[in-house]
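Take a look at the structure below.
The values are calculated or read from the model by the stated rules, or taken from the named source; none is laboratory data. From a predicted model like this one, the values you see are computed outputs, not experimental measurements. Counting neighbours? That spans all protein chains shown, and the Cβs are built from the backbone with ideal geometry, glycine included. SASA here: full protein model, heavy atoms, side chains in, ligands and nucleic acids out. Shrake-Rupley method; radii C 1.70, N 1.55, O 1.52, S 1.80 Å.
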Amino acid sequence: MGEQDREILRLAVPAFFALVSEPLMLLADSAIVGHLGTPQLAALGVAGTILQTLVGVCVFLAYGTTSAVARRIGAGDHKGALAQGIDGLWLALLLGVVLALLGLALAPQAIAAFDPSPEVADYAVTYLRISCFGIPSMLLLLAATGVLRGLQDTKTPMVVAITANLANIGLNVLLVYGLGLNIAGSALGTALAQTGAGVALVVVVVRGARRDGAKLRPDRPGILASAQMGVPLIVRTLTLRAAIILLTFVATALGTTSVAAHQVAFTLWSFLALALDAIAIAAQALTGRALGAGDVAGTRTITRRMMWWGLFSGVIGGLALWGLRDVYVPWFTSDPEVRRTLAAILIVAALWQPVNGVVFVLDGVLIGAGDGKYLAAAGVIALVLYVPLALAVLWLGGGIVALWWAFGGYMLLRFLTLTIRERRDGWLVTGATR
């Protein structure tokens, strides 16, 4: 293992554990709320979907900040890097306040769009409104995580994420059962845990800024620049979410057995995606730093090395999906038909994993390079071509396995658009800023 491999692992391994902490937090909430009753669990599902969507669209606060900070680190401008990070924090706070106010005001309408029963709706509105108070902290957590990743530090966010997970479990149990606050206690406990995590990382960033003499007050041009940089990444994220929503929509239309098998398969696919996303995070940090230092050759070298890591990880993940399916499929369902359908889906998902590995890495590389406009355009192109593929499965009477082949086609489209870009030089812009 060479120096580059060790550096990739140094960044990717802590990033993976930090990424895994989020679904584990959701699982803990579900387990705790699930014992309150079916209406409460259903309410958590509805409100949680809305909350995850709001926060998920703002992931650019982490990605864009990582790229911008890493560039300045590469250029040797540590003070400027932290000033850039502070601008990202102010943007996160402003955006978080706006989204929190909108969520508080529109919670009943947002929940009603899912058409739940009156009892579920009441619980869901309660959960969503309390959770809205934690949105600013969630976005600050994203932005601060991006700053630290840009500074080549993924260990601190990992430690904070694990600590927040443990605090979340303790607070939820105390508030839900100890104080009898029902689902409101779960919302409050999670909001408090996430607020603590956000404050902890902001303190780390602010201390670093003070140590290097970087400004802490709001800088309007800097905040606007951070917002402008995030727009293409929002478009990219929306195209990804639209593709996944369409996948779920068609799977639901294919019947109960199909959607049940699809849900399990997609959960497993998403878990493997976390490992690939961890390499992508390393790619963001290392690419931004190399381009900031003006090292085009080094950027090319590290990119190719990370592509091999992505391919290797995809192969390992695919072999695990395929080879172990007889072991883990029975964990998820006792229905023989769902088991057979799930096993068939997993073979297709396994075959596409190597492609997924390269896609995730190149996505991270181009985010690190600040090539958001191309990523947005490529995302739109892949989505437009994928829509007829997915809908054709429904129109032509195909099954759920055919739908997963279509989804694999979507990933192949992303692979083609990203590899074409990687082979050219337009994204290799050097310097402290793009």
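Placing unit charges on each Cβ (+1 for Lys and Arg, -1 for Asp and Glu) gives the chain a dipole about its Cα centre, and among Ala161, Ala406, Gly208 the Cα reaching farthest toward its positive end belongs to Gly208. As an equivalent ellipsoid, the chain spans semi-axes of 33, 29, 19 angstrom, where each value is the square root of five times an eigenvalue of the C-alpha gyration tensor, largest first. Listed values for region 43-51 are Karplus-derived 3J(HN,Hα) couplings in whole Hz (6.51 cos²θ - 1.76 cosθ + 1.60, θ = phi - 60°), namely 5, 4, x, 5, 5, x, 4, 5, 5, and x replaces Gly and Pro.
Annotation for region 35-49 versus region 1-22: alpha-carbon center distance of 34 Å. Compare Trp395, Trp352, Trp322 in a GNM of the chain, Cα atoms joined below 10 Å, and give the one with the largest fluctuation. Highest fluctuation among the options: Trp395.
Computed from backbone phi with θ = phi - 60° and the Karplus coefficients 6.51, -1.76 and 1.60, the 3J(HN,Hα) list for region 384-390 is 4, 6, 6, 3, x, 4, 5 Hz; x is used for glycine and proline. Within the shell of other residues whose beta carbon sits under 9 angstrom from the beta carbon of His78, the net charge comes to 0, with Lys and Arg scored +1 and Asp and Glu -1.
Per residue, the convex hull around the alpha carbon atoms of region 1-218 comes to 118 Å³.
For the chain, which whole-number percentage of the solvent-accessible area (1.4 Å probe, protein heavy atoms only) is attributable to carbon and sulfur atoms?
Accessible surface attributable to carbon and sulfur in the chain totals 69 percent.
Note on region 229-433: Cα-Cα pairs beyond 28 Å make up 30% of the total pair count. Computed with a 1.4 Å probe over protein heavy atoms only, the accessible surface of the chain comes to 43 Å² per residue.
Across region 255-272, coupling constants 3J(HN,Hα) worked out from phi with the 6.51/-1.76/1.60 Karplus curve, θ = phi - 60°, read x, 5, 4, 5, 5, 5, 5, 4, 4, 5, 4, 6, 4, 5, 4, 5, 5, 5 Hz, and Gly and Pro carry x. Remark: the chain carries a charge dipole of roughly 1200 debye about the Cα centre, counting +1 on each Lys and Arg Cβ and -1 on each Asp and Glu Cβ.
Relative to its Kirkwood radius, the Cα radius of gyration of region 190-323 gives an Rg/Rh of 1.06. Helical content of the chain, expressed as a calculated mean residue ellipticity at 222 nm, amounts to -30500 deg cm²/dmol (DSSP H runs of 4 or more residues, -39,500 (n - 2.57) each, divided by residue number, nearest 500).
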